[in-house]
Amino acid sequence: MLPQSYFDEAFYSDIEELAVIKGSLAIIVFCNNIDELYGTCHIWVMREYGVVESWAKKSVPMDWVYNFYVCTDNGELLIENDTGLVSLDPETLNENKLAIEDAQWMDYTPNSMESLVLLDGLNVSSEYEH
(Lines give C-alpha, C1' and ligand atoms only; values in the text may rest on other atoms or scores of the structure.)
Protein backbone atom coordinates (compact mmCIF):
# COMPACT_ATOMS: atom_id res chain seq x y z
CA MET A 1 0.00 0.00 0.00
CA LEU A 2 1.22 3.48 -0.86
CA PRO A 3 1.76 6.11 1.85
CA GLN A 4 -1.23 8.37 2.57
CA SER A 5 0.94 11.47 2.08
CA TYR A 6 1.50 10.33 -1.51
CA PHE A 7 -2.22 10.80 -2.19
CA ASP A 8 -2.58 13.93 -0.04
CA GLU A 9 -0.09 15.95 -2.05
CA ALA A 10 -1.07 17.89 -5.15
CA PHE A 11 1.84 17.81 -7.57
CA TYR A 12 2.37 17.31 -11.25
CA SER A 13 4.85 14.51 -11.72
CA ASP A 14 6.97 13.94 -14.78
CA ILE A 15 8.47 10.64 -13.65
CA GLU A 16 7.15 8.18 -11.05
CA GLU A 17 9.15 5.05 -10.29
CA LEU A 18 9.06 2.17 -7.86
CA ALA A 19 12.62 1.30 -6.81
CA VAL A 20 14.80 -0.22 -4.12
CA ILE A 21 17.05 2.15 -2.13
CA LYS A 22 19.59 0.51 0.16
CA GLY A 23 17.41 -2.59 0.38
CA SER A 24 14.16 -0.73 1.12
CA LEU A 25 11.14 -0.30 -1.12
CA ALA A 26 10.86 3.27 -2.41
CA ILE A 27 8.63 5.47 -4.55
CA ILE A 28 10.54 8.17 -6.41
CA VAL A 29 8.65 11.07 -7.99
CA PHE A 30 10.37 13.75 -10.08
CA CYS A 31 8.45 17.02 -10.51
CA ASN A 32 9.85 19.61 -12.92
CA ASN A 33 8.80 23.23 -12.37
CA ILE A 34 7.61 24.47 -15.76
CA ASP A 35 8.31 28.14 -14.95
CA GLU A 36 11.86 27.52 -13.74
CA LEU A 37 14.81 25.32 -14.63
CA TYR A 38 14.65 23.33 -11.43
CA GLY A 39 12.48 20.66 -9.95
CA THR A 40 11.97 18.50 -6.89
CA CYS A 41 12.51 14.83 -6.27
CA HIS A 42 10.14 13.34 -3.68
CA ILE A 43 11.33 10.04 -2.22
CA TRP A 44 9.16 7.85 -0.01
CA VAL A 45 11.03 4.94 1.61
CA MET A 46 9.27 2.06 3.38
CA ARG A 47 11.52 1.58 6.43
CA GLU A 48 9.81 -1.67 7.48
CA TYR A 49 8.60 -3.84 4.61
CA GLY A 50 4.82 -4.31 4.64
CA VAL A 51 4.16 -1.70 7.36
CA VAL A 52 2.22 1.21 5.84
CA GLU A 53 3.03 3.52 8.75
CA SER A 54 6.78 3.12 8.15
CA TRP A 55 6.86 5.24 4.96
CA ALA A 56 9.26 8.20 5.36
CA LYS A 57 9.40 11.08 2.88
CA LYS A 58 12.30 13.24 1.76
CA SER A 59 12.09 16.07 -0.79
CA VAL A 60 15.24 17.02 -2.68
CA PRO A 61 15.60 20.14 -4.87
CA MET A 62 17.43 19.46 -8.13
CA ASP A 63 17.80 20.41 -11.77
CA TRP A 64 15.25 19.14 -14.27
CA VAL A 65 15.38 15.37 -14.66
CA TYR A 66 14.78 13.90 -18.10
CA ASN A 67 15.22 10.22 -17.26
CA PHE A 68 15.58 8.05 -14.17
CA TYR A 69 17.40 4.76 -14.65
CA VAL A 70 18.13 3.02 -11.36
CA CYS A 71 19.22 3.36 -7.73
CA THR A 72 22.76 2.20 -7.09
CA ASP A 73 23.64 -0.13 -4.22
CA ASN A 74 24.83 2.83 -2.13
CA GLY A 75 21.53 4.74 -2.61
CA GLU A 76 22.52 7.14 -5.37
CA LEU A 77 20.05 7.89 -8.16
CA LEU A 78 21.28 7.37 -11.71
CA ILE A 79 19.54 10.10 -13.71
CA GLU A 80 19.85 12.15 -16.88
CA ASN A 81 19.60 15.93 -16.58
CA ASP A 82 20.91 18.99 -18.48
CA THR A 83 24.51 18.09 -17.69
CA GLY A 84 24.13 14.52 -18.98
CA LEU A 85 24.19 11.23 -17.13
CA VAL A 86 24.85 11.74 -13.41
CA SER A 87 24.69 9.86 -10.15
CA LEU A 88 23.08 11.92 -7.42
CA ASP A 89 23.28 11.25 -3.70
CA PRO A 90 19.91 12.41 -2.30
CA GLU A 91 21.38 12.66 1.22
CA THR A 92 24.34 14.95 0.48
CA LEU A 93 23.10 16.36 -2.87
CA ASN A 94 26.51 15.45 -4.28
CA GLU A 95 26.21 15.10 -8.06
CA ASN A 96 28.80 13.07 -9.94
CA LYS A 97 28.80 13.67 -13.70
CA LEU A 98 29.56 10.39 -15.43
CA ALA A 99 31.93 10.39 -18.38
CA ILE A 100 29.28 9.17 -20.80
CA GLU A 101 28.45 11.72 -23.47
CA ASP A 102 25.29 10.19 -24.89
CA ALA A 103 22.92 8.44 -22.49
CA GLN A 104 20.50 7.35 -25.24
CA TRP A 105 21.81 3.78 -25.07
CA MET A 106 20.97 3.60 -21.35
CA ASP A 107 18.23 1.35 -20.09
CA TYR A 108 17.48 -0.11 -16.70
CA THR A 109 17.13 -3.48 -15.06
CA PRO A 110 14.44 -3.91 -12.42
CA ASN A 111 15.35 -5.26 -9.00
CA SER A 112 14.03 -8.67 -8.08
CA MET A 113 13.31 -9.69 -4.52
CA GLU A 114 13.61 -13.32 -3.42
CA SER A 115 10.85 -12.72 -0.88
CA LEU A 116 8.15 -12.31 -3.53
CA VAL A 117 5.40 -14.89 -3.07
CA LEU A 118 4.10 -16.83 -6.05
CA LEU A 119 0.38 -16.87 -6.79
CA ASP A 120 0.09 -20.49 -5.65
CA GLY A 121 1.57 -19.50 -2.27
CA LEU A 122 4.81 -21.46 -2.66
CA ASN A 123 8.22 -19.94 -2.10
CA VAL A 124 10.43 -21.30 -4.87
CA SER A 125 13.72 -20.57 -3.10
CA SER A 126 12.69 -22.64 -0.04
CA GLU A 127 11.76 -25.58 -2.30
CA TYR A 128 15.32 -25.73 -3.65
CA GLU A 129 16.84 -25.76 -0.18
CA HIS A 130 15.34 -29.18 0.62
Exercise for review: Would you point out the residue of region 37-59, among those that are hydroxyl-bearing (Ser, Thr, Tyr) and not in a strand (DSSP E or B), that is surrounded by the most Cβ atoms within 10 Å (Cβ to Cβ)?
Suggested key: Ser54
Check your understanding: Looking at region 73-113, which of the residues that are closer than 21 Å to Cys31 by Cα and β-branched (Val, Ile, Thr) is modelled with the highest pLDDT?
Key -> Thr92
Revision key, fill the gap. Condition set over 18 Å from Cys71 (Cα atoms) and not in a strand (DSSP E or B), scope region 14-36, selection modelled with the highest pLDDT: answer is Asn33
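So, in region 76-94, exactly how many residues are among the hydroxyl-bearing types (Ser, Thr, Tyr) and not in a strand (DSSP E or B)?
2
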Review point. How many of the residues making up region 68-89 are more than 14 Å from Glu17 (Cβ to Cβ), touching a Lys or Arg at 6+ places or on another chain (Cβ under 9 Å) and not polar (S, T, N, Q)?
Key: 5
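The values are calculated or read from the model by the stated rules, or taken from the named source; none is laboratory data. All of these numbers come straight from a predicted model, not from anything done at the bench. Don't worry about glycine lacking a Cβ; one is built from the backbone with ideal geometry, like all the others, and counts go over all protein chains shown.
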